[in-house]
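The values are calculated or read from the model by the stated rules, or taken from the named source; none is laboratory data. Values in this document were obtained by computation on a predicted structure and should not be read as measured data. Neighbour counts run over all protein chains shown; Cβ positions are idealised from the backbone, glycine included. All accessible areas refer to the heavy atoms of the entire protein, side chains included, with ligands and DNA or RNA removed. Shrake-Rupley method; radii C 1.70, N 1.55, O 1.52, S 1.80 Å.
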Amino acid sequence: MTATYSGSLTNYVAYQDAQSRRNRIGHYDLPKNTIQPLSFISGTPIDSLYQVIEVGEANIIPFGDHFPASLAKILAPLTNRDVLCVGKNYAEHAKEFNSSGFDSSDKIDTPSHPVIFTKRYTSIIADGEEILPHPDFTRTVDYEGEIGVIIGKTGFRIKEEDAMSHVWGYTIINDVTARERQRDHKQFYIGKSADTFCPMGPIAVPASHVDQVLRVRTHVNGELRQNATTDDLIFSIPYLIKTMSEGQTLMPGDVLATGTPAGVGIGRKPPVYLKPGDIIAVSVTGLGTLTNRVADLSTPNPITGQVASISNIHPNNAGKSPNGSALTKINNKPLYYKTLGKGREPPIVFVHGLGGNTESFTPLIQTLSLEKSHSLHLFDLEGHGLSPTSPLSKLNIESFAEDLNSVLEHASLTSSVTLIAHDMGCLIAAHSALAHPDKVSKLILIGPPPSPLLEADIAALNARAETVRREGMVSIVDTVTAVGTSEKTKTWNYLAIAAIRILLLSQDAEGYAKACTALAGAKDLDFGAIQAHTLIITGSEDEASSPQLCEEYGNAIGEKASLKVLDGCGHWHVFEDLQGVAQAVQEFLR
């Protein structure tokens, strides 16, 4: 629901939503200490300031209700890149630094060229987070309140007169520094880049919404230490942008710290360095106040854990269940799993096939009202439906069967279980029934594929996986639907055709491709060793699971098996002949 809001919504704050744990962008009403969530004009939430810079204010709207800022974790505005910095850019600070004995640059009060360095992005922290004192690294921790310029437009060799058109806006930076490291290494990077040495925020504001002349003030424990404006800069912001872009391309979202005024700790007589418990508050006109406390000496480094948790291995199909909220940890992996009904009859577990999901069985369940008589357990195979799959997870029939058995364990199903499976799910269910005959008492196999598969089928599945990875599910949906359905279905049952196409097109391409190769690699199963009472259902026009094949399976299982062939039905049995499947299942379950 879109909220209404009067006034500007340009105090952009990055925060972590308390419920979803996702990063979001909002408007921070500093006097009221509230946050108004923001979205694109479509209603899609905004999750980074990079997006704000790219789309512009006209494409952003309030969305939902504002809430107390205390309910969210405030984040730094921009965190994924090193910060570009300028040293000795206020005349009085240049003098105090040059006379301090810690200046290892050009040893003059007013530099002839901008002194440029960077702060590593792992030094960035947010408003309210603690600055580590790093006692084993430095004894001379100092503060530097600065104005941060945020680039809004790509530029290379930008002319000074055009530079401000490349500025998106501003934020606040505290360029925390280890002075003796700055001196001893004869460059600024080491002393400037320690973890937590770049507090930034709390907000970022477009240039059009702040004064042309900005004043920066720094208070330490309430005492005013720094006070100057951008008019006092030795090298103006346009000149800095010109200088920075002479040999490199500036990108939207780059942050340029413009230098600090006089009044830093090293300029005092004698020098006064930061110590645990000190509170540094840097204020800039129109940008609020960035406040951080120096942590206790024993405080552990939070950056190490944050960096260690970063992974470049991203699960496929994970976006369908934000933060895994709909998933259950089964077999040490997140799977979509749900239960229906609490009937007294033996429990039923459903195993869908290639390109299916838990909803594949919904028509059958509702037609027979199975939830009234049985407890039902459904799950999406890894990579299918809502279940994600890791790039490191190699799928095969055995791994799927392990997941099925873990579902049985998770649900405490120890005996008299009925498995209803379709297509590839039949091989999974049969594998489980062979491995756990004490648990599985009945099997309903709808369209079981050959075991082992023919060489031509194996080649076709591997080729399909390659095609899907290259071109997506749309590349195979027509063929799979046409080959898998009967002439009767294609001619008259348009609803079934639509349902099959929707089911296939909703699949994650990589998850589907991995399942194709899993099926292609299926090992031969000994159907003759199955002890469960088994119903095999196929269609008279099922090319993947022919009546002849199913009859062979039934003969192998013996007198415990029965076969039902649905006339004029292809491989998508529940969609093509729901009544025929329902009748056969109902009779078998009696």
### Query
Can Phe197 be described as assigned by the TED database to the domain that holds Asp278, touching a Cys at 6+ places or on another chain (Cβ under 8 Å) and either touching a residue at least 60 places away in the same chain (Cβ under 8 Å) or not acidic (Asp, Glu) (or both)?
no
#### Entry: Pairs where the first residue, in region 457-474, is assigned by the TED database to the domain that holds Ala513 and the second is surrounded by fewer than 16 Cβ atoms within 10 Å (Cβ to Cβ), C-beta under 8 Å, 6+ apart
Thr467/Ser475; Val468/Ser475; Met473/Leu505; Val474/Leu505
### Task
Tell me which of these Pro261 doesn't satisfy, since it passes every other one: (1) open to solvent by 10 Å² or more (accessible area, probe 1.4 Å); (2) not in a helix (DSSP H, G or I); (3) not basic (Lys, Arg).
(1)
### Task
Please find, within region 305-323, the residue that is nearest to Gln507 (Cα to Cα) out of those that are free of Cβ contacts under 8 Å to residues at least 24 places away in the same chain and not β-branched (Val, Ile, Thr).
Gly319
### Task
Would you mind stating whether Glu541 is over 30 Å from Lys320 (Cβ atoms), among the acidic types (Asp, Glu) and surrounded by 15 or more Cβ atoms within 10 Å (Cβ to Cβ)?
yes
### Query
What are the residues in region 365-392 that are within 18 Å of the chain's Cα centre (by Cα), surrounded by fewer than 20 Cβ atoms within 10 Å (Cβ to Cβ) and of a type in the set (Ser, Thr, Tyr), if any?
Ser390
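Name the residue, out of Ser441, Ser412, that is part of a loop (DSSP other than H, G, I, E, B), closer than 27 Å to Leu340 by Cβ and open to solvent by 20 Å² or more (accessible area, probe 1.4 Å). Even if it seems obvious, please write down each step before you answer.
Values: Ser441 fails: part of a loop (DSSP other than H, G, I, E, B).
Being part of a loop (DSSP other than H, G, I, E, B), closer than 27 Å to Leu340 by Cβ and open to solvent by 20 Å² or more (accessible area, probe 1.4 Å) holds for just one of Ser441, Ser412, which is Ser412.
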### Query
Given the structure, is Gly341 touching a Cys at 6+ places or on another chain (Cβ under 9 Å) and either at pLDDT 95 or above or open to solvent by 20 Å² or more (accessible area, probe 1.4 Å) (or both)?
no
### Message
Out of the helices (runs of 4 or more DSSP H) lying entirely within region 511-590, which hold 1 or more residues that are among the acidic types (Asp, Glu) and touching a residue at least 12 places away in the same chain (Cβ under 8 Å)?
### Response
547-557, 573-576
